């Protein structure tokens, strides 16, 4: 029998972007824009990205290094206030094994552009995922969002 465990962790990010809250919100809401920054790291192979950005809508993405394992992200949107707030839950799987479940809240505030605050509360399961790994991955994605908002080509770094 596999030993079971849960690591509970919360972490937050703040990023300042030189773009309006409407522009930052659109980068989360528009499937084509989000696919440019919320994507697999360089060198990974994966499946299609899907986004149905509305309350009750779902988002999914899969990918991994050549030869595996396949990382699967599946999200559900609970609350969306245009240009202000996004609340969603998501699970991460490695192949068919669930490795974490999280609640994420994104807040957008005008501040010489936009101050984005992202807070995540996660349950990391059976030692197969960790808050440190997720923090690194989400930090890289938020950096890629900043690159997109500056008109650059986003780059994504693999997480540990």
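Data overview
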read-out: Residues of segment 73-128 that turn out to be surrounded by 15 or more Cβ atoms within 10 Å (Cβ to Cβ) and assigned to a loop (DSSP other than H, G, I, E, B), as a count; value: 4
read-out: Whichever residue in segment 52-72 is more than 24 Å from residue 105 (Cβ to Cβ) and outside any strand (DSSP E or B) and, among such residues, is nearest to the chain's Cα centre (by Cα); value: 70
read-out: Test: residue in segment 33-44 that is closer than 19 Å to residue 145 by Cα, modelled with pLDDT of 95 or more, assigned to a loop (DSSP other than H, G, I, E, B) and touching a helix residue (DSSP H, G or I) at 6+ places or on another chain (Cβ under 6 Å); value: no
read-out: Residue list for segment 29-45, restricted to those being over 25 Å from residue 109 (Cβ atoms) and surrounded by fewer than 17 Cβ atoms within 10 Å (Cβ to Cβ); value: 32, 35, 42, 43, 44, 45
read-out: Selection count, segment 98-123, where residues are in contact (Cβ under 8 Å) with a residue 40 or more places away in the chain and touching a helix residue (DSSP H, G or I) at 6+ places or on another chain (Cβ under 8 Å); value: 9
read-out: Yes/no for residue 149 being buried (at least 16 other Cβ atoms within 10 Å of the Cβ) and either within 13 Å of the chain's Cα centre (by Cα) or at pLDDT 95 or above (or both); value: yes
read-out: Of the criteria (1) over 14 Å from the mean Cα position of the chain (by Cα); (2) surrounded by fewer than 15 Cβ atoms within 10 Å (Cβ to Cβ); (3) in a helix (DSSP H, G or I), which one residue 26 fails; value: (2)
read-out: Some residue of segment 47-54 being surrounded by 17 or more Cβ atoms within 10 Å (Cβ to Cβ) and at pLDDT below 95; value: yes
read-out: Out of 3, 14, 18, sole residue that is touching a helix residue (DSSP H, G or I) at 6+ places or on another chain (Cβ under 8 Å) and surrounded by fewer than 15 Cβ atoms within 10 Å (Cβ to Cβ); value: 18
read-out: Pair list, Cβ under 9 Å, 6 or more apart: segment 68-83 residue on the phi > 0 side of the Ramachandran plot and modelled with pLDDT of 95 or more, other residue surrounded by 15 or more Cβ atoms within 10 Å (Cβ to Cβ) and not in a strand (DSSP E or B); value: 83/20; 83/21; 83/24; 83/25; 83/26
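The values are calculated or read from the model by the stated rules, or taken from the named source; none is laboratory data. These numbers come from a predicted model, not from an experiment. Note that each Cβ is placed from the backbone with ideal geometry, even for glycine, and that neighbours are counted across all protein chains shown.
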